[in-house]
Amino acid sequence: MGTRHAAGGGATVLAGVGSSVPVHVVTNDDLAARLDTSDEWIRSRTGIVTRHVVAPGVATSDLAVEAGGHALKSAGRENVDVVIVATTTPDRQCPATAPAVAARLGLGHVPAFDVNAVCSGFVYGLATAAGMLGSGLFGSALLIGADTFSTILDHDDRSTAFLFGDGAGAVVLRAGEPDEPGALLALDMGADGDLEDLIIVPDGGARNPDGPADRFAMQGQAVYRQAVARMTETTKVVLEKVGWTPEDVDLFVGHQANQRILDAVAGRLGLPLDRVYSNLDRVGNTAAASIPLALSDAVGEGRLDTGDKVALAAFGGGATWGGAALTWPELRAQ
Ligand code: ACO
């Protein structure tokens, strides 16, 4: 799906970015103190060194409100026309988290809803917002990726407990022109529901409301292979749509799942490693928050300049995947 020629002629332009992580940091050594694992094993298998974890009572919406507020400030706006929260860890099963986030941000009675595409949720949310802005339905959107996987992990499962951290990242989007810095130039998405067992919370939903397996489970090696293949493929698709070669890309911001996955995707694409952004050593895999949190951190580190060519790629539960190509606007992280 390309956004350049969306009905109504409008392009979607990134206008603000912000993020939030909880204060509490859990190190690999903290995990090794209570699980049969080690700092060396986790670092060498994933590149992760620390992750942020919410305190009891802190929920996804709390991080989403903070990140959303920073993104609004970065865009210099006090209102938007629609709020979308991408999350797999909503505050409650019902209702969605986005309306409460919109209300707490003082955004009035704008439409607000959640999108769940697990770790691809931010890219799916971008496509949802771009459709609404490109059609002329709305003029602006606040898109927040927020997850607290610490609330669904089995903390005794050494095969998953070390991978995830909590966090939120947000962007403000507005209708604009395709030649403006910040324009979203191409999108690609896909899903394969035959792979739903790869990343799953088996019980607790409508399929088995009272079942015992209400914690996150993952088939690590199969996820690894799928993530490398799909993130590579979706990036190739968006680069082709927009007419960029891998050498044209100033910064590749992939879903921060595992450094080995990012390195493998970069290798297959022929992307120089210094153009591959990574913050997962500090934050781990923050699911739907991963890409916008990485964008916000990259701005904070001076890694993104106005007009830079940026490629995004994600893979997550479902299975779902998606990519995007955009140029970078003139803005500061908050
Ligand atoms: N500490 C020490 N040893 C461990 C640990 C641990 N935490 N976990 C597993 N092991 C052991 C296993 O028991 C196994 O031992 P054995 O050889 O005696 O049987 C050995 O280490 C190797 O286990 P593997 O599962 O083969 O380890 P692998 O090299 O595949 O690494 C990992 C596991 C890191 C999970 C990898 O498969 C991976 O990164 N997969 C992708 C996961 C991912 O990115 N998920 C996020 C996407 S999904 C989403 O974002 C929602």
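Read the figures in this text as sums done on the coordinates, not as results from a lab. Just so it is clear, the model here is predicted, and its values are computed rather than measured. Note that each Cβ is placed from the backbone with ideal geometry, even for glycine, and that neighbours are counted across all protein chains shown.
Quick notes on this one:
- Counting only residues at least eight positions apart within a chain, or on another chain, the aspartates and glutamates with an alpha carbon under 15 Å from that of Lys73 are Glu330.
- The aspartates and glutamates whose alpha-carbon is closer than 13 Å to the alpha-carbon of Lys236, local same-chain residues fewer than 8 away aside, are Asp188, Glu247, Asp248.
- Rg and Dmax of the chain, both derived from C-alpha coordinates alone, stand at 18.4, 57 Å.
- Packing, taken as the mean count of other beta carbons within 10 Å per residue, orders the peptides 228-238, 49-59, 140-150, 12-22 from highest to lowest as 140-150, 12-22, 228-238, 49-59.
- With 0.36 nm allotted per residue and the present C-alpha distance subtracted, the Cys94-Val25 stretch has 21.9 nm of extension available.
- Spacing of the two label points (7 Å from each Cα toward its C-beta) at Ser44 and Glu177, in nm: 5.5 nm
- Restricting attention to the chain, close to 75% of DSSP beta bridges with both partner residues there are antiparallel.
- Volume per residue of the C-alpha convex hull in the stretch 225-334, rounded to whole Å³: 92 Å³
- For the stretch 39-104 and the stretch 205-229, distance of Cα centres in Å: 21 Å
- Backbone phi angles across the stretch 185-192, fed through the Karplus curve with coefficients 6.51, -1.76 and 1.60 (θ = phi - 60°), yield HN-Hα couplings of 9, 7, 9, 8, 9, x, 8, 9 Hz in residue order; Gly and Pro are listed as x.
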